[in-house]
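Asker: The structure is given below, and queries will be raised subsequently.
The values are calculated or read from the model by the stated rules, or taken from the named source; none is laboratory data. Fair warning: this is a prediction, and the values are worked out from it, not measured in the lab. Heads up, the Cβs are rebuilt from the backbone with ideal geometry, glycines too, and the neighbour counts pull from every protein chain shown.
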Amino acid sequence: MVRTIGRLILLLVSLLILTSRSQAEERILWFSIGDGVTNTTNMQNAINFAVANNFNAICFLARYRANAYYIPNRDYSTYPNPEPNQSGGAGDSLQFMIDRAHEAGLRVYAAFSCFLVTDGSDTYPSFLPSGSVIWIYKDVTAPNATNDTTYNPDPGYPRATTTSDTPEGLWADPGRNDVQTYTRNVLKDLVQNYDIDGIILDRIRYPGDALPHRNEAYGYNPQALADMGLTNPGPGSTAFINARRQAIANFISAARADVHAMKPWIIFGAAPVVYGTSLTDTYSTVFQYFPLWNTMSNSDHVNGLGILDMIAPQYYRSTASANAALMDLAKPDVTNMSHQATLYTGTEPAAEMAQSICDTRNASRGMTGFGIFSYNGVSASGFMSTLNATATSPCGTGVMASASPLVNYTLKVNWDSVKPNNITNLTADVSQPGRVRLTWSTPAAASDGDVPARYLVYRSTSTPVKLYYANLVNKNFVVTGNEFIDDGSKGLTAGTYYYKVIPVDDYNNKGDSNTVGPVTPSFPEFIVESRSGGQNYTKYSEISGDWQNSTSKSTASGVTSGIGSRFATLDTKNDVARFTLAGIPGVPAGQHYYKIYYTTNNVSSTNCMNC
């Protein structure tokens, strides 16, 4: 009987482990500031590394210290975003990563650092709300030092922080409403303009109180206290602790609602810190309070609770056993969010990290994957080979030796990962000069019943057509229906092109299409000249003013030589000339584009574009 029970228990444990290993898991490679966020070669190498080593997602640092590794207000400027693009030679680092990572089949997250706003500098960004730097409180000097619940600051405190207080840099105070509004607008701008799959919030916290709090407490910006409804709170008082916890939670909740109102498919996550051997520091010194995050309402979750789709605490201990203990501590407080682990090569050796990965697969923990910070560390010589060679318990060796499908976030309302069916009959018509007419049929409904809600039109001078932003024709407008006219208003110029039209459903799943091309639209030129004997001269007339002959003529290609032009001087005679372009043979009705060339002082021709 004892032997039978023992075998049954062993069988159940084995089933738990096998079940967890057979399920999809997220495997995120973090690409951050030290990895070369302005270096496209490094970015491409990281993508190649991720694919070769069975990662299925990449997290790229989009916002670091109130700056941008993307182009603020790129196509839409609905939300104010004054932060500087620091992509350098990459031009648009985030877009490069999106293009190439999606091409490689990776899910793309944007890391968004929230409230740490300078990189070791005491120069507070002028574009942030005025006076919004966080303030510090101290009560450490005898005989004034009292207790955590009494407001009794040392002389000179509370005061605005400097980097002598927070060496990493200056922080904006999360308790201020204007800081939250500003930061949410920046996030909304990024989300509106970029086709990311997810957001992971970082530095979504306060700098970190000391314990006891009276030795060093943050959050005393006067406007922040007013916005939180507090007056001179004790540094460790329950009211002040709860207010700071609520400020962080409120920001997450509001930002999540902002993002999901625009793009409900985006996976909204955060990577909070987990210090020490308990959650005391996490909950009560940086005020990332998981129980509150877990129980606040979220209408975009099936069960209506949990303000994050994914929580990936930074389990940065040096041993797998310490990390596993922290995972277990967090587990009961994150039940309404997808729980993952963020692991760090800077603190955890490869062999220990292999065991930590195995520990995330223990079905009793209910976790859905892990991320590794960051590319430079995990790509170091021997790291991955050691990680996969390590015999873990009970996963064995090769913890990342095989691929894993992406996680489905079914905790989200209407989660959908089914792609629409492909377009198979895309055609191109160039019979009309200066344009390409694309037509296609709506694909049949996919297995979930969805048909495309919109289409993305890609134009390329080569084949295969890369689904890159640079080739996207409708960058800032939506295409529906079954026809698209590409012409000069969309940037079409003379040349030979190939096209794809990508069907997209209402949850941003994308199908494919056949390629059409090469197609070469004609761009005939019709010149109207202002002197008798010139081309289409009858289409020129002088309405009023004092016009005279000139021996000068335009140097533009194609004009008739030797006939000169007409001119008028700058005076008060209301000189008006007219070019009547209607009725020129071969020019179809519709919108056209013109260049006007003029001469000045008998010198040379100038292109007066759009004048």
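Asker: Taking the condition of being closer than 23 Å to R100 by Cβ, hydroxyl-bearing (S, T, Y) and surrounded by fewer than 17 Cβ atoms within 10 Å (Cβ to Cβ), how many residues in the stretch 431-484 meet it?
Answerer: Kept after step one, since they are closer than 23 Å to R100 by Cβ, are these residues of the stretch 431-484: 455-476.
Then drop every residue that is not hydroxyl-bearing (S, T, Y), which leaves 455, 458, 460-463, 468-469.
Then drop every residue that is not surrounded by fewer than 17 Cβ atoms within 10 Å (Cβ to Cβ), which leaves 461-463, 468.
Selection size over the stretch 431-484: 4.
Asker: Which condition number does A324 fail, the rest of (1) of a type outside the set (V, I, T); (2) crowded, with 19+ Cβ neighbours inside 10 Å; (3) within 19 Å of L387 (Cα to Cα); (4) touching a strand residue (DSSP E or B) at 6+ places or on another chain (Cβ under 9 Å) being met?
Answerer: So the condition that A324 fails would be (4).
Asker: Please enumerate the residues belonging to the stretch 478-533 that are in contact (Cβ under 8 Å) with a residue 60 or more places away in the chain and among the polar types (S, T, N, Q).
Answerer: Matches in the stretch 478-533: S489, N508, N509, S513, N514, T515, T520, S522.
Asker: Could you please find all residues in the stretch 489-511 being buried (at least 18 other Cβ atoms within 10 Å of the Cβ) and not in a strand (DSSP E or B)? Walk me through it before giving the result.
Answerer: Step one: of the stretch 489-511, the residues buried (at least 18 other Cβ atoms within 10 Å of the Cβ) are 492, 497-505, 507, 509, 511.
Scanning the stretch 489-511 gives L492, D505, Y507, N509, G511.
Asker: Looking only at the stretch 34-55, which residues are part of a loop (DSSP other than H, G, I, E, B), in contact (Cβ under 8 Å) with a residue 40 or more places away in the chain and surrounded by fewer than 22 Cβ atoms within 10 Å (Cβ to Cβ)? Before you say what the answer is, go through the steps one by one.
Answerer: Filtering the stretch 34-55 down to residues part of a loop (DSSP other than H, G, I, E, B) leaves 36-39, 53-55.
Still in the running and in contact (Cβ under 8 Å) with a residue 40 or more places away in the chain: 37-39, 53-55.
Matches in the stretch 34-55: T38, N39, N53, N54.
Asker: If you scan the stretch 229-242, which residues turn out to be surrounded by fewer than 22 Cβ atoms within 10 Å (Cβ to Cβ) and either aliphatic (A, V, I, L, M) or not assigned by TED's automatic domain parsing to the domain that holds L308 (or both)?
Answerer: Within the stretch 229-242, L230, A239 meet the criteria.
Asker: Return the only residue of Y597, Y593 being at pLDDT below 85, of a type in the set (F, W, Y), in a strand (DSSP E or B) and under 30 Å from T496 (Cα atoms). Break it down stepwise before answering.
Answerer: Details: Y593 fails: in a strand (DSSP E or B).
Only one candidate passes the filter, namely Y597.
Asker: For the stretch 258-280, enumerate the residues that are among the small types (G, A, S) and free of Cβ contacts under 8 Å to residues at least 12 places away in the same chain. Talk me through it step by step, then tell me what you get.
Answerer: In the first step, residues of the stretch 258-280 are kept if they are among the small types (G, A, S); the result is 261, 269-271, 276, 278.
Listed by number, the residues that qualify are A261, G276.
Asker: I'd like the full set of residues that are touching a helix residue (DSSP H, G or I) at 6+ places or on another chain (Cβ under 6 Å) and of a type outside the set (A, V, I, L, M, F, W, C), limited to the stretch 398-420.
Answerer: Within the stretch 398-420, G398 is the sole residue that qualifies.
Asker: Then there is this: Mind counting the residues in the stretch 332-368 that are out of contact with any helix residue (DSSP H, G or I) (no Cβ under 6 Å at 6 or more places or on another chain), over 19 Å from V399 (Cβ atoms) and outside any loop (DSSP other than H, G, I, E, B)?
Answerer: 2
Asker: Just checking: which of the helices (runs of 4 or more DSSP H) contained wholly in the stretch 204-303 hold 2 or more residues that are under 17 Å from G175 (Cα atoms) and of a type in the set (D, E, K, R)? Let's see the steps before the verdict.
Answerer: On the way: elements: 222-227, 238-262, 280-284, 290-295.
Answer list for the stretch 204-303: 238-262.
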